[in-house]
Amino acid sequence: MSNLEQTLSIIKPDAVERNLINEIKKIFTSNKLAIKETKKIHITKDEAAEFYKVHQSKPFYNDLCGYLSSGPIVVMILEGEDAVIKNRKIMGSTDPKDAEENTIRKLYGISIDKNSVHGSDSVENAKKEINFFFKNGQ
Ligand code: IDP
Ligand code: MG
């Protein structure tokens, strides 16, 4: 049974700054996640606050929004079988020190805040997040 899905991935400022874009993209494509759209952008803190508003009650919210808007990021639509959960597995745990071997966060993450990538956590949130960055599917 096939379950083709799309999910939103972000390469965060710490990874863009260290020129890890191509390495991270290769990990997605070699795991059969096709990159349907990709763009490098630099968002404002207000835009980051909107994107991360599910976390608005968390103590790290302000720093998180400051961080995501601190430099260029790469936002991508990934597509493949079970893309949402597959991307989460490829990313690894939120805190790089808990992440499994060969996950992106284990390989490249610096700390719980500078953890190199974002990935949608459900099909429903993937739709919202894709729409946030790629209005009209662009
Ligand atoms: P996720 O990115 O693995 O889905 P979330 O719990 O959704 O993790 O948190 C969103 C982002 O907020 C994380 O990727 C990380 O950058 C940051 N974050 C999460 N927990 C903490 C924390 O305890 N301190 C600082 N930053 C955090
Ligand atoms: Mg999350």
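The values are calculated or read from the model by the stated rules, or taken from the named source; none is laboratory data. Being a predicted model, the structure only gives us computed values, none of them experimental. Because the Cβ atoms are built from the backbone with ideal geometry, glycine has one as well, and the counts that use them run over all protein chains shown. Ligands, DNA and RNA are stripped out before the accessible areas are found, and what is left, the full protein with its side chains, is counted by its heavy atoms. Shrake-Rupley method; radii C 1.70, N 1.55, O 1.52, S 1.80 Å.
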_Enumerated strands (runs of 3 or more DSSP E) restricted to the range 1-110, each holding at least 1 residues that are among the polar types (S, T, N, Q)_ = 4-11, 34-41
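Among L78, L68, L64, which is more than 13 Å from ligand 1 (Cβ to nearest atom) and touching a residue at least 24 places away in the same chain (Cβ under 8 Å)? Let's see the steps before the verdict.
Numbers: L68 fails: more than 13 Å from ligand 1 (Cβ to nearest atom); L64 fails: more than 13 Å from ligand 1 (Cβ to nearest atom).
Step by step, each of L78, L68, L64 is checked, and only L78 is more than 13 Å from ligand 1 (Cβ to nearest atom) and touching a residue at least 24 places away in the same chain (Cβ under 8 Å).
Let's see how each residue does on (1) more than 16 Å from ligand 2 (Cβ to nearest atom); (2) open to solvent by 70 Å² or more (accessible area, probe 1.4 Å); (3) of a type outside the set (K, R):
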site: K40; (1), (2), (3): yes, yes, no
site: I43; (1), (2), (3): yes, no, yes
site: E47; (1), (2), (3): yes, yes, yes
site: F51; (1), (2), (3): no, no, yes
site: F60; (1), (2), (3): no, yes, yes
site: S69; (1), (2), (3): yes, no, yes
*Would you point out the residue of the range 100-109, among those that are on the phi < 0 side of the Ramachandran plot and surrounded by fewer than 19 Cβ atoms within 10 Å (Cβ to Cβ), that is farthest from ligand 2 (Cβ to nearest atom)?*
E101
*Looking at the range 71-99, which of its residues are within 15 Å of ligand 2 (Cβ to nearest atom) and among the acidic types (D, E)?*
D95, D98
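Filter the range 1-24 for residues that are open to solvent by 50 Å² or more (accessible area, probe 1.4 Å) and at pLDDT 95 or above; which is farthest from Y67 (Cα to Cα)?
First pass over the range 1-24, keeping only residues open to solvent by 50 Å² or more (accessible area, probe 1.4 Å): 1-4, 6, 17-19, 22-23.
Right, trim to at pLDDT 95 or above and you get 3-4, 6, 17-19, 22-23.
On the way: N3: 34, L4: 32, Q6: 25, E17: 12, R18: 15, N19: 17, N22: 21, E23: 22 Å.
Per the criteria, the residue is N3.
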*Within the range 110-124, work out how many residues are open to solvent by less than 50 Å² (accessible area, probe 1.4 Å) and free of Cβ contacts under 8 Å to residues at least 24 places away in the same chain.*
1
_Here are the criteria: (1) more than 13 Å from the chain's Cα centre (by Cα); (2) surrounded by 18 or more Cβ atoms within 10 Å (Cβ to Cβ). Tell me which single one K128 does not satisfy._
(2)
